[in-house]
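The block underneath contains the structure these notes are about, expressed in C-alpha cells.
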Amino acid sequence: MAKTVSLQVSQRAGIGRTALKAVRTSGRVPGVLYGKAKDKTIRSRPIDIDAKKLKAMLHASTSENVLVDVELTDPSGKKVDQHLALLVDVQHHPLEDYIIHIDLHEIDQDEVLHAEVPVTSVGEPIGVKNGGGLLETMLRTIRVACLPRDLPEMITVDVSELTIGHSVHVRELKLPANVTATNPPELPVFSVFAPKEEVVATPSAEVVQPEVIKEKKVEGDAAAPDAKGGKADAKAPAKTEGKK
C-alpha cells in the first residue's frame, strides 16, 4: 500500500508574489490544500510547510503516490483540524534544487480514488536470456481505482516467463486486493521483441561513363591548304588575264 506520512502544515494568510517570496525566504514552501467541504463545495486553502521536513518526506518515498495525514494549524501553531490528503503536485525551481510549490488534495478515506501507479518488472525473460530478444516497457504507469488506504506504491510484474513475441497485458496483472486497473485490458504492459537484424550496406558498383571524344571544331574562316601545303587566301581577288 502507499506509504502514509504525517505532515504539519500551517494556514498561510498572505497571497501574491511578495507574500510567496517571504514564505520561501523564511525556509518554508508555499502550497494549497484543496478538497470538498462538508457541504460538498470545493474549497482551497493556502498553506505553507517546513522546507526541510517536506524534502525529507519526499526523499523517503519510493512512489509519486504519497498519502499525507495533514495536521493543519493556524499561523500561531494552534491545531485547527486534521485531514487525509494525497500529494498531487510538487513544483521545483527550473534551475536550482529546491521546491517552490506543493499541492495537497484532501480526500475521504471511504471514497474511491483514481490514481496513476508506477509499474516495474522483475526477472529476466526467457526470450531475452535464451533468444537474445529485447524487453520493452509499453506502459510505465497503470491507472487504478481503490480506497485511499489500499492504494499501492508500485505494481511489480514478473516477466521471467516471457518468450519472444509475447506480452503481459493489463488484464493479466496481479493486483493487490481491492485494487482495480481502469486501463483497457488488452493494452500490453511489457513485451519481448526479436532482436533487430543489423543491415550491412553493400557498396554499389561504380558506373563508369564512356569517354566521349568530341570532334575538333573547325574555324569558319580557316581556308583549305593549297597544293604546296600552304594556305590559300580566300579573300584574295582572282587574277584576270589581260590583253596582249
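The table below gives the values:
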{"quantity": "Cleavage-rule hits (GluC sites (Glu not before Pro)) in the range 76-128: DSSP loop, at most 10 neighbouring Cβ within 10 angstrom", "calculated": "Glu96, Glu111"}
{"quantity": "Size of electric dipole in the range 5-85: Cβ of Lys, Arg +1 and of Asp, Glu -1, about Cα centre, debye, nearest 20", "calculated": "300 debye"}
{"quantity": "Solvent-accessible ranking of Ile126, Ile102, largest area first, probe 1.4 Å", "calculated": "Ile126, Ile102"}
{"quantity": "Cβ-Cβ FRET estimate between Ala194 and Thr4, R0 fixed at 35 Å, reported to 0.05", "calculated": "0.20"}
{"quantity": "Residues in the range 103-131 that a label on Asp158 would reach, taking backbone N under 11 Å of a point 7 Å out along Cα→Cβ", "calculated": "122-123"}
{"quantity": "Karplus-derived 3J(HN,Hα), 6.51/-1.76/1.60, for each residue of the range 107-118, Hz, glycine and proline x", "calculated": "10, 9, 5, 9, 10, 5, 10, 10, 8, 8, 10, x"}
{"quantity": "In nm, spacing of pseudo-spin labels at Asp89 and Asn130 (7 Å Cα→C-beta vector)", "calculated": "5.0 nm"}
{"quantity": "Distance violations [Cα-Cα > 21 Å] among Lys21/Lys78; Lys21/Lys79; Lys21/Lys52; Lys174/Lys196", "calculated": "Lys21/Lys78; Lys21/Lys79; Lys174/Lys196"}
{"quantity": "In nm, spacing of pseudo-spin labels at Lys53 and Glu96 (7 Å Cα→C-beta vector)", "calculated": "2.3 nm"}
{"quantity": "Sequence-separation-based contact order of the range 60-194, relative, with Cα cut under 8 Å and 6+ spacing, percent", "calculated": "22 percent"}
{"quantity": "Exposure ranking of Ile164, Ile47 by accessible area [1.4 Å probe, largest first]", "calculated": "Ile164, Ile47"}
{"quantity": "Dipole moment magnitude, nearest 20 debye, the range 76-122 about Cα centre, only Lys, Arg, Asp, Glu C-beta charged", "calculated": "220 debye"}
{"quantity": "By accessible area with a 1.4 Å probe, ligands and nucleic acids excluded, highest first: order of Ser6, Ser160", "calculated": "Ser6, Ser160"}
{"quantity": "Of Val189, Gly133, Ala115, farthest towards positive along the dipole that unit charges on Lys, Arg, Asp, Glu beta carbons give the range 97-202", "calculated": "Gly133"}
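The values are calculated or read from the model by the stated rules, or taken from the named source; none is laboratory data. Keep in mind the model is a prediction, meaning the values are calculated, not measured. Positions of Cβ are backbone-derived with ideal geometry, glycine not excepted, and every protein chain shown enters the neighbour counts. SASA here: full protein model, heavy atoms, side chains in, ligands and nucleic acids out. Shrake-Rupley method; radii C 1.70, N 1.55, O 1.52, S 1.80 Å.
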